[in-house]
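> My questions all concern the structure below.
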Amino acid sequence: SDHPDFYLPDEGPPGRSFGHLKGCVKQQLGPDRKPVFNENGTCFNSSASFAQWYNDVPSVNIRDNFTMEFLPNPWGGYTYDDAAFFPFDGKAWGHEVWENQTFEHNYWFTMEMHVDFIYEPGSTFAFKGDDDVWVFVNGSLAMDLGGVHTPLEGAVSLDDLNLIAGEKATLDFFFAERQPVLSTFKIDMRLKLDDAPLPMPERTCMIWGDPHVNVFDSVDPDGDAIGASVVNIYGHGDYWIVRSRAISIQGRYNATQWSIDGQSATRAIAIGGRFMRGHTLIIEAMDGQMTWDGDAILQDFPSSFAAEGLISASYHELEEPIDKAETHRPIYGVKLDLPHSVRVTVNRWAKHLDVLISMRPQRGGQDGHCGNLNFNATDDTLESISARMNLRVSAQDSLFPVDSLDTAEVTEKSIADCAPEIREQAQAHCEQMQVNGDGEAASEPFIKACVYDACFGGEDFAAQ
């Protein structure tokens, strides 16, 4: 590149424009809705050179329009993510030649995006990438990631910008790729565009231990507990984990030879319903198998399985367990991508499963051991769920090929019944291990469930 603000490989740092540089543009957009050169900045060669960045200048630049596809993300917004962001490949003047070598990509470009949106509380905009990025909201600078740099992150909470709920606002985004090294580009935004509704946020249900369940409304998309609703079922038999018009996920809860006083464990899950087009997937603990319509799958470790448009499954070792208190390794993990954007992660242990189910609220409602996903955890106690539906799966509705013969009801034991020395050790262990991704301690019900497993779950939990 022969533009004074854009660099060839031998023109790298240290030097002008390199690093995260703030204050290169003024706080307000110009009357042409473009960034304004700041005399005190160090990002550019001159005001004249910067004026060519976002304006058409014959023999200096060529304009091109392209479409960016933003996809719904788990947090109720939209994401565009491209680790190799080169929208000008094969366009304009073609790829640059330097020292008799043609670059793999068409570097040295700028890009701008202008968005009109309706401000609602909770609106956010985040970017990660390189190089320069400036974001203006209603004409004022809200994110300043100027300079030639490695990927940087920036985030704006529009709640802090004194916007008026329900009124239209503008967002102006400006980007530049200034050196031929890499080009990463990721936008996460939660903005209401015109009258289009925002996608509903995704939530995750965590099933672990005896089994305990952190319901959808208590777990964020990363699997971290955000609420205090832990629903315990100690009885034996087949139970509804998720039941909606299209989705059926069932759990088989039974005792193992290690269980104390008949406490249950999640021995298997079955997934079926209309969204699976009549197919059924069953995952059992390590003493069982995994099947698709009764045929064994994922028999090798690692391995994968797919049915086009229905399921993509991988069976491999995971780095972290669902239940942070589990210390046994390796972690035999199953990852499932299913229709309706349903994602499932399963940890297969010797005699039980731990499960994460991630999904958005279903049309027509849903319920089950994982709750009703209405963003209100207070109505997802065992008593509330049982009042809304029969949690036990009838023989007619069962996805399991053989009915469970063990349907015993088991009385919940009290942690007070646990031997003092075991309880003390379990409390310390659970408080240390049950920490979420942000380093925050888990809720009191979450810790209590962990201690309960150590006291009454038997060797399958204590040893692992």
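The values are calculated or read from the model by the stated rules, or taken from the named source; none is laboratory data. Computed from a predicted model, the values in this text were never measured in an experiment. Cβ placement follows ideal geometry from the backbone for every residue including glycine, while neighbour counts extend to all protein chains displayed. Note: accessible area is taken over every heavy atom of the protein model, side chains too, but ligands, DNA and RNA are not part of it. Shrake-Rupley method; radii C 1.70, N 1.55, O 1.52, S 1.80 Å.
> Consider Lys351 against the criteria (1) charged (D, E, K, R); (2) within 15 Å of Ala285 (Cα to Cα); (3) open to solvent by 20 Å² or more (accessible area, probe 1.4 Å); (4) modelled with pLDDT of 95 or more: it satisfies all of them except one. Which criterion is unmet?
(4)
> What strands (runs of 3 or more DSSP E), lying completely within segment 235-326, carry at least 2 residues that are farther than 17 Å from Leu399 by Cα and within 26 Å of the chain's Cα centre (by Cα)?
Qualifying strands (runs of 3 or more DSSP E): 303-307, 311-318.
> Filter segment 105-129 down to the residues that are acidic (Asp, Glu) and within 19 Å of Trp53 (Cα to Cα) and list them by number.
Pass one, segment 105-129, residues acidic (Asp, Glu): 112, 116, 120.
Listed by number, the list holds a single entry, Glu112.
> So the check is Cβ under 7 Å with 6+ separation or different chains; which pairs have a first residue in segment 386-404 that's in a loop (DSSP other than H, G, I, E, B) and a second one that's surrounded by 12 or more Cβ atoms within 10 Å (Cβ to Cβ) and of a type in the set (D, E, K, R)?
Close Cβ pairs (under 7 Å, with a partner that is surrounded by 12 or more Cβ atoms within 10 Å (Cβ to Cβ) and of a type in the set (D, E, K, R)) amount to Met389/Asp367; Val393/Asp238; Ala395/Asp403; Ser398/Asp238; Phe400/Asp238; Phe400/Arg252; Ser404/Asp238; Ser404/Arg252.
> If you check every pair at least six apart or on different chains, which have Cβ atoms under 8 Å apart with a residue in segment 53-80 that is under 20 Å from Arg33 (Cα atoms) first and a residue that is of a type in the set (S, T, N, Q) second?
If the second residue must be of a type in the set (S, T, N, Q), the pairs left are Trp53/Thr110; Tyr54/Thr110; Asn61/Gln52; Asn61/Thr110.
> Would you pick out the residues in segment 56-73 that are within 38 Å of the chain's Cα centre (by Cα) and open to solvent by 30 Å² or more (accessible area, probe 1.4 Å)? Even if it seems obvious, please write down each step before you answer.
Of the residues in segment 56-73, the ones within 38 Å of the chain's Cα centre (by Cα) are 62-73.
Ile62, Arg63, Asp64, Asn65, Phe66, Thr67, Met68, Glu69, Phe70, Leu71, Pro72 - these are the residues of segment 56-73 that are within 38 Å of the chain's Cα centre (by Cα) and open to solvent by 30 Å² or more (accessible area, probe 1.4 Å).
> Restricting attention to segment 167-213, report how many residues are surrounded by fewer than 22 Cβ atoms within 10 Å (Cβ to Cβ), closer than 25 Å to Glu104 by Cβ and of a type in the set (Lys, Arg).
1
> For segment 16-40, how many residues meet the condition of being surrounded by 18 or more Cβ atoms within 10 Å (Cβ to Cβ) and small (Gly, Ala, Ser)?
1
> So Tyr253 fits all but one of (1) of a type in the set (Ser, Thr, Tyr); (2) at pLDDT 90 or above; (3) open to solvent by 10 Å² or more (accessible area, probe 1.4 Å); what number is the exception?
(3)
> Now, a different point. Out of the residues in segment 167-202 that are in a loop (DSSP other than H, G, I, E, B) and at pLDDT 90 or above, state the one that is farthest from Ser123 (Cα to Cα). It would help to see each step written out before you state the result.
Going residue by residue through segment 167-202, those that are in a loop (DSSP other than H, G, I, E, B) are 167, 178-184, 191, 193-202.
Subset that is at pLDDT 90 or above: 167, 183-184, 191.
Details: Glu167: 13, Ser183: 27, Thr184: 24, Leu191: 5 Å.
Checked segment 167-202; the qualifying residue farthest from Ser123 (Cα to Cα) is Ser183.
> I've got another one for you. Would a scan of segment 152-160 turn up a residue that is modelled with pLDDT under 90, out of contact with any Ser or Thr (no Cβ under 8 Å at 6 or more places or on another chain) and within 26 Å of Phe44 (Cα to Cα)?
The answer is no, given that none of the residues of segment 152-160 is modelled with pLDDT under 90, out of contact with any Ser or Thr (no Cβ under 8 Å at 6 or more places or on another chain) and within 26 Å of Phe44 (Cα to Cα).
> May I ask you to verify whether Ser341 is open to solvent by less than 20 Å² (accessible area, probe 1.4 Å) and either of a type outside the set (D, E, K, R) or closer than 26 Å to Asp210 by Cα (or both)?
For Ser341, the condition - open to solvent by less than 20 Å² (accessible area, probe 1.4 Å) and either of a type outside the set (D, E, K, R) or closer than 26 Å to Asp210 by Cα (or both) - is not met.
> So how many residues does segment 260-284 have that are small (Gly, Ala, Ser), closer than 24 Å to Asn232 by Cβ and modelled with pLDDT under 95?
3
> Given the condition acidic (Asp, Glu), in contact (Cβ under 8 Å) with a residue 12 or more places away in the chain and buried (at least 16 other Cβ atoms within 10 Å of the Cβ), answer yes or no: does some residue in segment 91-100 qualify?
Yes, segment 91-100 has at least one match.
> Only one of Asp159, Asp130 is without any contact (Cβ under 8 Å) to a residue 60 or more places away in the chain and either closer than 30 Å to Arg267 by Cα or open to solvent by 10 Å² or more (accessible area, probe 1.4 Å) (or both). Can you tell me which?
Among Asp159, Asp130, only Asp159 is without any contact (Cβ under 8 Å) to a residue 60 or more places away in the chain and either closer than 30 Å to Arg267 by Cα or open to solvent by 10 Å² or more (accessible area, probe 1.4 Å) (or both).
> Can you tell me which residue in segment 316-332 is least open to solvent (accessible area, probe 1.4 Å), limited to those that are touching a residue at least 24 places away in the same chain (Cβ under 8 Å) and closer than 22 Å to Gln299 by Cβ?
Leu318
> Name the residues in segment 327-350 that are touching a strand residue (DSSP E or B) at 6+ places or on another chain (Cβ under 8 Å), assigned to a loop (DSSP other than H, G, I, E, B) and under 22 Å from Val230 (Cβ atoms), would you?
Trp349
> I need every pair where a residue in segment 34-51 that is within 13 Å of Lys22 (Cα to Cα) has its Cβ under 6 Å from the Cβ of a residue that is open to solvent by 40 Å² or more (accessible area, probe 1.4 Å) and among the hydroxyl-bearing types (Ser, Thr, Tyr), sequence separation at least 6 or different chains.
Going by the 6 Å Cβ cut-off, the qualifying pairs are Phe37/Ser47.
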